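This report concerns only the one structure given below.
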Amino acid sequence: MGRPGQAPGGGELPSLARWPGLAATLQTARQAMEAAALQDGDPLCLGLGAAARTLRAPYAAFRQLDPDSGKPYLAEWFQAPAEASAHGGLAVLMQGMDAAWTGLMDGTAALQRATVTHHPALPALPLGNRLGGCLQRTQEIWVPVRLADRTWGRLSVLRGELDPLETGEALFLEALARELGWVLADRQLASVQRRAAALAAREEEATAQALGLVRQQKEAAEAQAREQAHVIAVLQEAIDSLDHSGDLEEFVPTVIGLIARALDPGAVALLQVRGARCRLQAAYLQGQVLRRADLLSPQAQPAPVLRELTEGFELPPAGLQACATQGSGEAQVVDHADGGAACPFDHFFVSEGGPLALNLWLMASGHALGALGIYRRSGQRYTASEIALAEAIAAQLSLALRAAQLAEEARRVATLEERTRLAREMHDTLAQGFTGVLMQLEVADAAVSAQRVERARTAIATAMDLARDSLGEARRAVRALRNPTLERRGLAEALAELCAQMRSSTFQAVELQITGAPLRLDAHVEEQVLRVAQESLVNAVKHARARRTVVSLELHAQALRLQVRDDGAGIPQVLSNPAGFGLVGMRERAVSIGATLDVASAPGQGTTVSLRLGLRG
């Protein structure tokens, strides 16, 4: 037995090859520890068991330093099956003890040789004494476990004091300590590799998540850009439609068709409100855009409720009609699937288009103009972009309805003012003149009865003068009804003003071309030519739905030529039904001034109205 702190025998120890049995045991222990390491087992426990069995020790232990707390602790221990359990006494050692780590590695630790320590003789090692006292074995044979100048811990076997350590056993324990060093180094390397792999996996996952998030954000941005582009395109188409048509009767069906293409609804309804009454202005049903005129035509056979809605009805207190007078300015999504439609109107369109309704109020300058209802099936939920698009289209409709309303009010006011002026003129001139004529004729009648011939002649002469004056006043009033521009500046300027008015009121492209020197013609001739041009322009807008109209006037010394050419739908059945387009009136005007009128038209190819008037030199 060696003395405490020194290897047995001192100096160089012989090779383990002299003890083939111990060498074979070491080889077996090495293979078992390697296999356990590969299978995520516990090679340290296997090594401790091999050390205890080979050195005939009931206990083996491995102590190492906790890198976090800096305390040495009992990391692993082995107990022979026949020994009593000592878990309670070792619990404190497993948690760590305040002791000098270098003290545990003293003795021949630098040479990594086996050292025999008798704990009763070394009271300076409280941790060792505690371990030996707990296991009731005072002889500890230990070897530092080292590799590449790194100390991994301390391998110890504890046995009875009277059992000496043989040289082969010391060599075996030293060799086993080296193998444990390799195992611990490999395990740490594997742990580092696992942590690196886990870190790389986490980084890869984080990178994938970041890339996925970037991809999602990009896709969301692209989808939003597409939706915005779609909204802009649809709104631009609506604006272009208003710009080209200018007529509410044409603009409204165009926008309804635009809504049908953009939102794919089952049905669309546009209500226009006037006071307490409401009417269906246009609708989208069964894949078709229906105008109010189409629904009221004799050939149409709509459902009775649809005809009633188109003709007009009193506003009920609930349903889509109610929103026409609420004027909240916000879109409202209503699902009629649960409670059913609130009124016959909603019931009809819900049955045709679906229970999911998007109701939008049509408002302008605080005036309630109507409502727009869009109906879908239950599975077709409205997205935020679709609601925004519908609100924008509703705003365009509101402006168009308000503009038409203001234009109608302006025409009504202008007509009333003109009637008032004419009534005043007639009262101040013609009525008073005719009163004077009547009074003179009564005087003449009385004079004739009294056989006062001269007095009767005087009264009749005065009545004739009053009649002539009244006739002059009537002619003056008629002249006052003529176009003031035509009166002051002539036909060319009046045509220019007419084209400008048509462009501003109908938003239509109207072009004027004038050739030749400006001539002043007879007032009646100029008036009739201007009225023919005006009627032709109205036909192009109202009936032909033209996008572009060209008015050309050629003035020469011998002839006048007026031509109005549009790119509209043409005049159907011109010869069989000319009255509907004002052609009879235009021909009468042409005949009244000795001019010829020609109308050339074909379906889908536009209309050309030509007036030619020969002028005397």
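Going by average Cβ neighbours within 10 Å, how do the peptides 156-166, 528-538, 189-199, 281-291 rank, with the highest at the top? Spell out each step's value before the answer.
Numbers: 156-166: 17.5, 528-538: 20.9, 189-199: 10.3, 281-291: 19.0.
Per-residue mean Cβ counts within 10 Å order the peptides as 528-538, 281-291, 156-166, 189-199.
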Worksheet item: Once amide H atoms are placed 1.01 Å from N in the peptide plane, what residues at a sequence separation of 5 or more from E76, or on another chain, have their amide H within under 5 Å of its amide H?
Response: F62
Worksheet item: Amide H of L290: which non-local residues (sequence gap of 5 or more, or other chain) have their own amide H closer than 5 Å, using H built in the peptide plane?
Response: A283, Y284, L285
Response to the item:
Note on region 336-406: alpha-carbon gyration tensor, axes a ≥ b ≥ c; rule is a/c under 1.5 for rounded, else prolate if a/b larger than b/c, else oblate; result oblate
Discussion item. 5 Å is the cut-off here: which amide hydrogens, built 1.01 Å from N in the peptide plane, fall below it relative to A509, excluding neighbours closer than 5 in sequence?
Written reply: T549
Worksheet entry | Hz values of 3J(HN,Hα) by residue in region 524-541 - Karplus curve (6.51, -1.76, 1.60), Gly and Pro given as x | 5, 5, 4, 4, 5, 5, 5, 5, 5, 5, 5, 5, 5, 5, 5, 4, 4, 7
Response to the item:
SASA check, K71, accessible area w/ 1.4 Å probe, all protein chains in place, rounded to nearest 10 Å², comes out at 70
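How do C45, C499 rank by accessible surface area computed with a 1.4 Å probe, from largest to smallest?
Descending accessible area places them as C45, C499.
Excluding R561 itself, calculate the net charge of residues whose Cβ lies under 12 Å from the Cβ of R561, where each Lys or Arg counts +1 and each Asp or Glu counts -1. Provide the component values of the computation, followed by the final result.
Values: positive: R612; negative: E554, D598.
Here the count lands on -1.
The values are calculated or read from the model by the stated rules, or taken from the named source; none is laboratory data. Just so we're clear, the structure is a prediction, and the values are computed from it rather than from any experiment. Every residue, glycine among them, receives a Cβ derived from its backbone with ideal geometry; neighbour counts consider all protein chains shown. Ligands, DNA and RNA are excluded from the accessible area calculation, which covers all protein heavy atoms including side chains. Shrake-Rupley method; radii C 1.70, N 1.55, O 1.52, S 1.80 Å.
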